[in-house]
Amino acid sequence: MELAQRTFLVTGGASGLGAACVREFAQAGANAVICDVNEPREELPAEIAARVRFAKTDVTDEASVQAAIDVAMRAFGALHGAINCAGIATAERVIGRDGPQRLDHFAKVVTVNLVGTFNVIRLAAAQMLKRDVASGEDRGVVICTASAAAFDGQIGQAAYAASKGGVVGMTLPIAREFAQHQIRVMSIAPGLFDTPMMAGLPQAARDSLGRQTPFPARLGRPQEYAALARHIVENQMLNGEVIRLDGAIRLAPR
């Protein structure tokens, strides 16, 4: 699928990986709707701002996601894809100093990261199905964000790893189901990236984490995630797969 004149929802698009996707796609001529609970952190350059809208969105809420889709339809007249970057992370042991991890803490992470992603997929795909396309042409492309933690989660990441493992697990079955509709579904599993989730750490700690990556020995850059997301959209043979974007890191137990 060519990006020019195509329209994408980008959840978590106000910062980090999602914001990088908004810029990358808009600079390539695509339209984007930033779907986030927060306002965008940075002002977009004037040359691409006209192709971007913001819709305050809770990915776990059906009406909120549908309202964002409605923004896309009113502003741009069609929906061609969804990039799922919204997510939260916690560090909490199953059995901590105060006893068992609270169940609502575990459930919240799974609800935002996994259920929220599924909610966006189902509603966005329902809108994409309304678009007529020729045989062999992409009707839509869905990209989800998993994590290296889905494969080698660390101590304290039970909820996060479970939520991202769920994203990995649903990628292929949804891609198989949507194949008949000419909608592709892919996931990206980033390693250690320089995103707002890392922003609270001291620079020395961030540098130390970056050095754990075999090569390149640094934190990933959001623009590198966005570049892969763009390639997925443009390369039609990419479907039903999870791509690790992690510099060959395998996370240690802690």
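Can you tell which of 43, 47, 39 is modelled with pLDDT under 95, farther than 22 Å from residue 138 by Cα and not in a loop (DSSP other than H, G, I, E, B)?
Values: 43 fails: not in a loop (DSSP other than H, G, I, E, B); 39 fails: not in a loop (DSSP other than H, G, I, E, B).
Residue meeting the stated conditions: 47.
Looking at residue 118, is it part of a helix (DSSP H, G or I), aromatic (Phe, Trp, Tyr) and more than 16 Å from residue 61 (Cα to Cα)? Give the derivation first.
Values: part of a helix (DSSP H, G or I): yes; aromatic (Phe, Trp, Tyr): yes; more than 16 Å from residue 61 (Cα to Cα): no.
Taking the combined requirement at face value, the residue does not satisfy it.
Name the one entry in 71, 52, 94 that is of a type in the set (Val, Ile, Thr), exposed (fewer than 15 other Cβ atoms within 10 Å of the Cβ) and on the phi < 0 side of the Ramachandran plot. Walk me through how you get there before you give the answer.
Working: 71 fails: exposed (fewer than 15 other Cβ atoms within 10 Å of the Cβ); 52 fails: exposed (fewer than 15 other Cβ atoms within 10 Å of the Cβ).
After ruling out the rest, the residue left standing is 94.
If you check 179, 126, 162, 189, which single one turns out to be outside any helix (DSSP H, G or I) and among the aliphatic types (A, V, I, L, M)?
Working: 179 fails: outside any helix (DSSP H, G or I); 126 fails: outside any helix (DSSP H, G or I); 162 fails: outside any helix (DSSP H, G or I).
Of the residues listed, the single one that is outside any helix (DSSP H, G or I) and among the aliphatic types (A, V, I, L, M) is 189.
For region 98-150, give me each residue that is farther than 20 Å from residue 190 by Cα and of a type in the set (Gly, Ala, Ser).
Of everything in region 98-150, those that are farther than 20 Å from residue 190 by Cα and of a type in the set (Gly, Ala, Ser) turn out to be 99, 107, 124, 125, 126, 134, 135, 136, 140.
List the residue pairs whose Cβ atoms are under 8 Å apart, where the first residue sits in region 54-75 and is under 17 Å from residue 21 (Cα atoms) and modelled with pLDDT of 95 or more, the second is among the acidic types (Asp, Glu) and in a loop (DSSP other than H, G, I, E, B), and the two are 6 or more positions apart or on different chains.
Qualifying pairs under 8 Å: 54/39.
Suppose we keep only residues that are under 25 Å from residue 154 (Cβ atoms) and polar (S, T, N, Q) within region 202-250. Which one would you say is modelled with the highest pLDDT?
Top of the filtered list is 213.
Exactly one of (1) at pLDDT below 95; (2) over 29 Å from residue 30 (Cα atoms) is unmet by residue 196. Its number?
All conditions pass for residue 196, except number (2).
Please tell me if residue 171 is touching a helix residue (DSSP H, G or I) at 6+ places or on another chain (Cβ under 8 Å), assigned to a helix (DSSP H, G or I), of a type in the set (S, T, N, Q) and crowded, with 17+ Cβ neighbours inside 10 Å.
No: the conditions fail for residue 171.
Out of all the residues in region 149-181, which are β-branched (Val, Ile, Thr) and under 17 Å from residue 118 (Cβ atoms)?
167, 168, 171, 174 - these are the residues of region 149-181 that are β-branched (Val, Ile, Thr) and under 17 Å from residue 118 (Cβ atoms).
The values are calculated or read from the model by the stated rules, or taken from the named source; none is laboratory data. Just so it is clear, the structure is predicted and the values come from calculations on it, not from any experiment. Cβ: placed from backbone, ideal geometry, glycine included. Neighbour counts: every protein chain shown.
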